[in-house]
Amino acid sequence: MARNEEKAQSMLNRFITMKEEEKKKPKERRPYLASECRDLAEADKWRQQIMREIGRKVTEIQNEGLGEHRLRDLNDEINKLIREKVHWERRIIELGGPNYTKYSAKMTDLDGNIVDVPNPGGRGPGYRYFGAAKKLPGVRELFEKPPELRKRRTRYDIYKRIDASYYGYRDEEDGILVKLEGPAEKKMRAAAVKEWMEMEEIKREAKKSVKSGEVVEVGLGSKILFEEEEDVIEEERMEREREEKDREKEYVVHVPLPDEKEIERMVVEHKKMELLSKYASEDLMEEQMEAKAMLNIQR
């Protein structure tokens, strides 16, 4: 009895389902070209349909056990749907709708970094890889960045980075160096004062011992001798520098230099000889020279 009731219920369910399908409109097909659509709501509806198909295929392509050929086919289908989605988004903009291209997802590599994939055609996104397709042979190498070659800096690049900070002119602007130099300066000053006071004490002890005729201690005497040797060396160095300066100032002239009158006379004589050689004949010049010789005229 229960079996007959189940059969009746099953037949009733099929009958109700058939009636509901008859009441529905025939299933619409998406236009082949986006330019054929004239309604903004229709274009948005077809875009949403493409987005759902892309989502299903992207979920399916995450399975690495599908095999290489199936993964490549799925990746090709997804790229085809993405291109079609771009056409519909462009058509929506033409019909006055929102611009969905601004919020399109970026492609990432295996580490999650965004990868820019240019399109050789220059329009729309390039070929993309999704899910397990990124790990296929020959595809993984596309996402690996080549090692960066370290370019050697030229002399121009080195000098271009040199500024006042390089020469230490701005070391005290941050105040850190002043804070560090303060204690060090106090320490060095205290050490210098202590050394000076020790030397003064040594000198006083030495003077007292010389006056009283006592023998000075070895340590004190060595310090005094060292100080005296430094004074002697410094005096000798200053004496040599003084001699070198005096030697540089001395200048001995071994050839007598003519004065201004002698130079003027020689210039006049030279011009006179040039005029005579230009306007006088050789015979006249010889006679003039003989007359000067007879009269014993040197000029």
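What the table below lists for this structure:
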item: Failed item, numbered, when Pro120 is tested on (1) part of a loop (DSSP other than H, G, I, E, B); (2) loosely packed, with under 12 Cβ neighbours inside 10 Å; (3) at pLDDT 80 or above; result: (3)
item: Subset of segment 29-73 [open to solvent by less than 60 Å² (accessible area, probe 1.4 Å), small (Gly, Ala, Ser) and part of a helix (DSSP H, G or I)]; result: Ala34, Ala43, Gly55
item: All positions within segment 135-184 that are open to solvent by less than 90 Å² (accessible area, probe 1.4 Å), part of a helix (DSSP H, G or I) and over 30 Å from Glu68 (Cβ atoms); result: Asp157, Ile158, Leu177, Val178, Glu181, Gly182, Pro183, Ala184
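The values are calculated or read from the model by the stated rules, or taken from the named source; none is laboratory data. Everything quoted here is computed from the prediction, not taken from an experiment. When we count neighbours, we look across all protein chains shown, and the Cβ atoms used for this are built from the backbone with ideal geometry, even at glycine. In case anyone asks, the SASA skips ligands and DNA or RNA and just uses the protein heavy atoms, side chains included. Shrake-Rupley method; radii C 1.70, N 1.55, O 1.52, S 1.80 Å.
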